[in-house]
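The values are calculated or read from the model by the stated rules, or taken from the named source; none is laboratory data. Fair warning: this is a prediction, and the values are worked out from it, not measured in the lab. Here the Cβ is made from the backbone with ideal geometry for all residues, glycine too, and neighbour counts use every protein chain on show. For accessibility, only protein heavy atoms count, side chains too; no ligands or nucleic acids. Shrake-Rupley method; radii C 1.70, N 1.55, O 1.52, S 1.80 Å.
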Amino acid sequence: MSVAASLAILGARVLALDDADHDWANADVVVEGGRIAAIGPDAARNWPRPLARTIDGRGLLAMPGLINAHFHSPGNLMKGSLPGYPLEIFMLHEVPPLASGGDASRLAYVRTMIGALEMLRRGITAVHDDAYHVPVANVEGIDAIMQAYADVGIRATVAIDQPNIVEYEKYPYLAELLPAEERRAMNAAPRQSTEELLVLYAHLIDRWHGAEGGRLAAAVSCSAPQRVTDDYFAGLSDLSKRHDLPFNIHILETKLQRVLGREKFGKSLVQHVHDLGFLDERMMVIHAIWIDDVDIRLLADARCTVAHNPVCNLRLGSGVMPYRALRDAGVPICLGTDEMNTDDSVNLWFVAKTAALLHTLASPDYATWPQPAEILHAATRGGARAMRREGRLGQLAVGGEADIALLDLDTVAFTPLNDLKRQLVHCEDGASVRATIVAGRVVYEHGRITTVDEAALRAEMRELMAAGRAQQQAAAREAARLEPYYRQMVMRAASEDVGMNRWLN
Ligand SMILES: [Zn+2]
């Protein structure tokens with residue numbers, strides 16, 4: 001692969017979000033070999049070597065690209081497709097439990113592209129993709145996703161999110177609620193063994209971890225502790241430790257999962273993962289809504305990062321994460337859109353604004369409400385930490401990765417300009433982004449993605465969706481058939497007393 005040529009952004013306002021919280025009214029950013037080589041007033045004038053390209057930064061803001069810390073690219077096909085469902089009903093449509101066949105690799109490639117294009121257009125330079133495969137993972141599907149990220153130019157850390165236990169064992173009550181023939185069908189549905197899945201991980205790591213000059217990386221994922229066998233969970237924990245990979249894990253997203261922990265393990269799912277010895281600083285704990293004070297202490301002591309996805313949580317009615325309690329305990333937070341069928345976009349700006357607003361409901365003491373600086377920090381450095389890139393990503397600093405968003409300050413969002421950080425969180429929606437730079441390479445400018453043919457990809461997406469219509473309709477019928485049993489389960493769990501409430505009622 002080619003190393004990005006040197007470039008400099010001249011005379012921009014520069015919000016570094018670095019340790020010193022630099023906010024220069026007029027400064028240059030010099031990029032060489034994909035990294036930030038110099039930054040500050042006159043940094044380019046004092047640069048000793050010729051620069052391949054300069055960008056006039058007057059009227060622009062240079063800031064670290066946002067990091068979408070939690071995302072599932074396979075949901076990219078389903079934006080706007082589903083009515084309001086709680087997670088457990090939603091998942092009948094997202095990952096049909098009786099699906100057969102496999103991911104077509106071209107579909108996976110184009111599908112991944114559709115999300116990446118939108119992210120780059122909005123100044124999101126990195127994504128942490130917890131990619132699932134329906135019904136089973138294979139090398140072709142993994143390679144298609146990774147190749148799309150390689151081609152489009154975004155920074156991506158990708159896991160294989162593959163539950164491997166029988167569907168009804170992932171839930172409380174469901175085994176007794178389902179008719180015998182549905183249970184039999186679920187028993188017969190394809191599942192992968194620990195060995196099969198670890199072979200796929202070996203491929204992901206050998207082929208893609210560190211590819212494209214380090215822009216692509218591997219992570220591990222168990223989806224959620226209740227969705228995998230104990231030996232696969234142990235194998236993933238070992239891989240994460242051995243290769244220092246982020247570990248994606250959804251914990252206590254819903255009240256039903258709090259009930260499940262009690263019924264299946266006799267304890268909270270955070271406590272369960274802790275007791276297995278797997279809770280550590282590589283873990284990105286996703287959602288963490290129905291957690292109690294003991295769980296928060298365990299997450300803090302283990303130095304986990306928590307991925308907060310407030311738009312997804314509202315879309316699925318999951319409840320409100322105890323944001324301030326986590327922050328006060330010292331737990332780092334990162335922000336994610338989660339997938340397109342629970343956010344209906346990949347607009348992390350909107351996630352940031354929602355995160356800034358939602359937690360005003362938690363306390364009348366406005367001193368506890370999220371501040372713009374901490375939200376921006378979560379949207380950049382928080383995501384970098386969860387990707388095991390702390391200090392090298394999520395800030396503009398010499399030696400760090402040159403992942404930069406250039407925003408036009410002559411837009412409605414910043415006119416008049418009263419408070420830059422507050423307006424980035426509360427006014428900006430990504431429409432001011434004029435250029436996106438990843439690893440020193442300009443991947444979006446003048447309203448166009450520079451690396452691939454967007455219009456052709458969108459057209460192909462429409463064709464592939466039309467060709468798959470019969471399969472989508474069959475999946476919808478199957479979900480409708482199973483929904484009554486899942487609804488009984490969800491409503492029964494909702495009526496349980498779990499000693500806390502994360503809803504408004
Ligand atoms: Zn998720």
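Taking θ = phi - 60°, what integer Hz values does the Karplus form 6.51 cos²θ - 1.76 cosθ + 1.60 yield along segment 489-502, in sequence order, with x for Gly and Pro?
Taking θ as phi minus 60°, the curve returns 4, 4, 5, 5, 5, 5, 7, 6, 8, 10, x, 7, 9, 10 Hz for segment 489-502.
Largest first, what is the accessible-area ranking of 294, 30 with a 1.4 Å probe?
294, 30
For segment 48-111, take the convex hull of the Cα atoms, compute a quarter of its surface area, and give me that in nm², please.
Mean projected area of the Cα convex hull: 9.4 nm².
If you roll a 1.4 angstrom probe over the protein chains with everything in place, what fraction of the accessible area of segment 137-245 belongs to carbon and sulfur, to the nearest %?
Its accessible area is 48 percent carbon and sulfur atoms.
Quick one: how many Å² of residue 243 are accessible to a 1.4 Å probe, rounded to 10?
The accessible area comes out at roughly 70 Å².
Where the only charges are on Cβ atoms (+1 Lys, Arg; -1 Asp, Glu), what is the dipole of segment 364-505 about its Cα centre, to the nearest 20 debye?
440
Roll a 1.4 Å probe over the protein heavy atoms and report the accessible area of residue 228 in Å², nearest 10.
10
Once phi is turned into θ = phi - 60°, what whole-Hz ³J(HN,Hα) does the Karplus curve with 6.51, -1.76 and 1.60 give for every residue of segment 193-198, x standing for Gly and Pro?
The phi angles translate into 7, 4, 4, 4, 6, 6 Hz.
Towards the positive end of the charge dipole of the chain, with charges on Cβ (+1 Lys, Arg; -1 Asp, Glu), say which of 498, 362, 325 has the farthest Cα.
After comparing all options, I get 362.
Pull up all non-local amide H partners of residue 249: gap of 5 or more, or a different chain, and H-to-H distance under 5 Å with H placed in the peptide plane.
284, 286
Name the residue from 27, 247, 259 whose Cα lies farthest towards the positive end of the charge dipole of the chain, charges +1 on Cβ of Lys and Arg and -1 on Cβ of Asp and Glu.
27
For residue 18, what residues show an amide H to amide H distance below 5 Å, using hydrogens built from the backbone and excluding near sequence neighbours?
So residue 18 has HN proximity to 396.
Suppose every K and R has +1 on its Cβ and every D and E has -1 on its Cβ; what is the size of the dipole of segment 130-235 about the Cα centre, in Debye to the nearest 20?
Once rounded to the nearest 20, the dipole reads 200 debye.
What is the helix-to-structure angle for 454-467, meaning the angle in degrees between its Cα long axis and the longest Cα principal axis of the chain, kept from 0 to 90 and rounded to the nearest 10?
Computed tilt is about 10 degrees.
Evaluated at 25 °C with a viscosity of 0.890 mPa s, what Stokes-Einstein diffusion coefficient in µm²/s does segment 334-382 have when Rh comes from the Kirkwood expression over alpha-carbon pairs?
Roughly 214 µm²/s, to the nearest whole number.
For the pair residue 242 and residue 294, how long in nm is the line joining their label points, each one 7 Å along Cα→Cβ?
3.3
Round to a whole number: what % of the accessible area of segment 268-406 belongs to carbon and sulfur, probe 1.4 Å?
So the carbon and sulfur contribution to the accessible surface is 54 percent.
Between residue 459 and residue 431, how high is the FRET efficiency from 1/(1 + (r/R0)^6) when r is the Cβ-Cβ distance and R₀ = 30 Å? Nearest 0.05.
Plugging the Cβ-Cβ distance into 1/(1 + (r/R0)^6) gives 0.80.
Output the Cα-based Rg and Dmax of the chain in Å, rounding Rg to one decimal and Dmax to a whole number.
That works out to 22.3, 75 Å for Rg and Dmax.
Could you tell me the accessible area of residue 206 in Å² (1.4 Å probe, neighbours in place), rounded to the nearest ten?
130
About its Cα centre, how strong a charge dipole does segment 355-396 have in debye, to the nearest 20, once Lys and Arg get +1 and Asp and Glu get -1 at the Cβ?
My answer is approximately 360 debye.
Where the centre of each part is set by its Cα atoms, how far does segment 61-115 sit from segment 270-307, in angstrom?
25
So, with a 1.4 angstrom probe, what is the percent of accessible area on segment 415-505 that is carbon and sulfur?
C and S atoms contribute 51 percent here.
For residue 35, what residues show an amide H to amide H distance below 5 Å, using hydrogens built from the backbone and excluding near sequence neighbours?
402
In degrees, nearest 10, range 0 to 90: what is the angle between the Cα axis of helix 139-152 and the longest Cα principal axis of the chain?
20
Nearest 5 is fine: what % of DSSP beta bridges in the chain come out antiparallel, could you say?
Looking only at bridges with both residues in the chain, the antiparallel portion is about 45 percent.
Please work out how many pairs of lysine residues in the chain are eight or more positions apart (or on different chains) and have Cα atoms closer than 18 angstrom. Working shown, then result.
On the way: 170/255; 170/264; 170/267; 255/264; 255/267; 353/421.
The number of close lysine pairs in the chain is 6.
At 222 nm, what helix-only mean residue ellipticity would the chain give, in deg cm²/dmol to the nearest 500, using -39500 (n - 2.57) for each DSSP H run of four or more?
-11000 deg cm²/dmol
Once the other residues with Cβ under 10 Å from the Cβ of residue 396 are scored (Lys, Arg +1; Asp, Glu -1), what is the net sum?
-3
Hey, can you find the accessible area per residue of the chain for me, probe 1.4 Å, expressed in square angstrom?
About 38 Å² of surface per residue is accessible.
Once you have a ≥ b ≥ c as the square roots of the Cα gyration tensor eigenvalues for segment 327-438, tell me rounded if a/c is under 1.5, and otherwise prolate or oblate according to whether a/b is larger than b/c.
Rounded.
What list of ³J(HN,Hα) couplings, whole Hz, do you get for segment 227-237 from phi and the Karplus terms 6.51, -1.76, 1.60, once you set θ to phi - 60° and write x for glycine and proline?
Per residue, the Karplus-derived 3J(HN,Hα) values read 9, 10, 6, 4, 6, 5, 4, 5, x, 5, 4 Hz.
With Cβ to Cβ distances under 13 Å as the rule, what net charge do the other residues near residue 194 carry (K, R +1; D, E -1)?
Summing Lys and Arg as +1 and Asp and Glu as -1 gives -4.
Can you work out D for segment 1-159 in µm² s⁻¹ from Stokes-Einstein, where Rh is the Kirkwood radius over C-alpha pairs, the temperature is 20 °C and the viscosity is 1.002 mPa s? Mind showing how you got there, number by number?
On the way: Rh = 18.3 Å.
Once the numbers are plugged in, D ends up at 117 µm²/s.
Can you give me the angle between helix 293-302 and the longest principal axis of the chain, using Cα atoms only, in degrees from 0 to 90, rounded to the nearest 10?
50
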